[in-house]
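A.B. asks: Sending over a structure as structure tokens; questions will come in a sec.
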Amino acid sequence: MTKVKNRIRRLRFDHDEMTQQELANRAGCTRQTIIALEQGKYVPSIELAFGIAKAFGVTLEEVFQYEEST
Amino acid sequence: MASLQKRALYGLAFGVVWAVAIIVVFIVKGGVSTFSDDQGFRLIIDGLWVGGLIFYGILMLTLRKQSQVDERDRLILGRAPVVQLWAVIFSLVIWTIVLTESYWDQGIPPIFMYLVFMSTLIVSAVAHSIGILIGYWRMGRND
């Protein structure tokens, strides 16, 4: 798993169970990329990360967190 | 499954059928000696080869223009040429060893230049699909 964690699944739930396709359309990517992001198998570019944050109307930090290794 | 991944899967299936079809036609029609002498035979192989290449090109290139491909797909697409490169190098090594050992004394017939070029392009096209599929597989097991 990557060190960059995200709350996309939680945020989708908080936004009236927004579908992965709807989020993908708003953020400008494919549904498969949203699935990969939620599973922690892909780290997005800065541009896409901002696009996802904007789709939820929150800041980047509210969606993505960097997990420090101990 | 991502659109690009589907196309790569179709491309691989088509590429295998395409390569096998050319090899079967080549062997059934008489092999290298007939290929060298018979223009009709050469045109059949040309048709299969160029037709397949155009079909493969349409299959893979039309997708890139659509909105179905995003940054993750483009990242995988960008890595696929590594597999292509290794596949082409490997096929050229095989050709070089086989031809050198088979025609050491009498010299390699020029017609093999054509066959080497043709097979290299087919290998390159098939390896492109394999490279894309490997990219998705590696990204999928990123844990």
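The values are calculated or read from the model by the stated rules, or taken from the named source; none is laboratory data. Fair warning: this is a prediction, and the values are worked out from it, not measured in the lab. No Cβ is skipped: glycine too gets one built from the backbone with ideal geometry, and neighbour counts run over all protein chains shown.
A.B. asks: Hey, can you tell me all the residues within segment A:1-13 that are in contact (Cβ under 8 Å) with a residue 12 or more places away in the chain and of a type outside the set (Lys, Arg)?
C.D. replies: Correct list: A:Met1, A:Thr2, A:Val4, A:Asn6, A:Ile8, A:Leu11.
A.B. asks: Quick one: count up the residues across segment B:109-143 that are over 15 Å from B:Ile45 (Cα atoms) and aromatic (Phe, Trp, Tyr).
C.D. replies: 2
A.B. asks: Which of the residues that make up segment B:64-86 are in a loop (DSSP other than H, G, I, E, B), surrounded by 10 or more Cβ atoms within 10 Å (Cβ to Cβ) and free of Cβ contacts under 8 Å to residues at least 60 places away in the same chain?
C.D. replies: B:Ser67, B:Asp70
A.B. asks: Can you list the helices (runs of 4 or more DSSP H) found entirely within chain A that contain at least 2 residues being in contact with a Lys or Arg (Cβ under 6 Å, 6 or more places away or on another chain) and within 14 Å of chain B (Cβ to nearest Cβ)?
C.D. replies: Ranges flagged: A:20-27, A:31-38.
Quick grid of which residues meet (1) of a type in the set (A, V, I, L, M, F, W, C); (2) modelled with pLDDT of 90 or more:
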{"residue": "B:Leu4", "(1), (2)": "yes, no"}
{"residue": "B:Ala8", "(1), (2)": "yes, yes"}
{"residue": "B:Trp18", "(1), (2)": "yes, yes"}
{"residue": "B:Ser33", "(1), (2)": "no, no"}
{"residue": "B:Leu61", "(1), (2)": "yes, no"}
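A.B. asks: Go through (1) without any contact (Cβ under 8 Å) to a residue 40 or more places away in the chain; (2) in contact with a helix residue (DSSP H, G or I) (Cβ under 8 Å, 6 or more places away or on another chain) for B:Ile89 and report which single condition fails.
C.D. replies: Going through (1) without any contact (Cβ under 8 Å) to a residue 40 or more places away in the chain; (2) in contact with a helix residue (DSSP H, G or I) (Cβ under 8 Å, 6 or more places away or on another chain) one by one, B:Ile89 breaks only (2).
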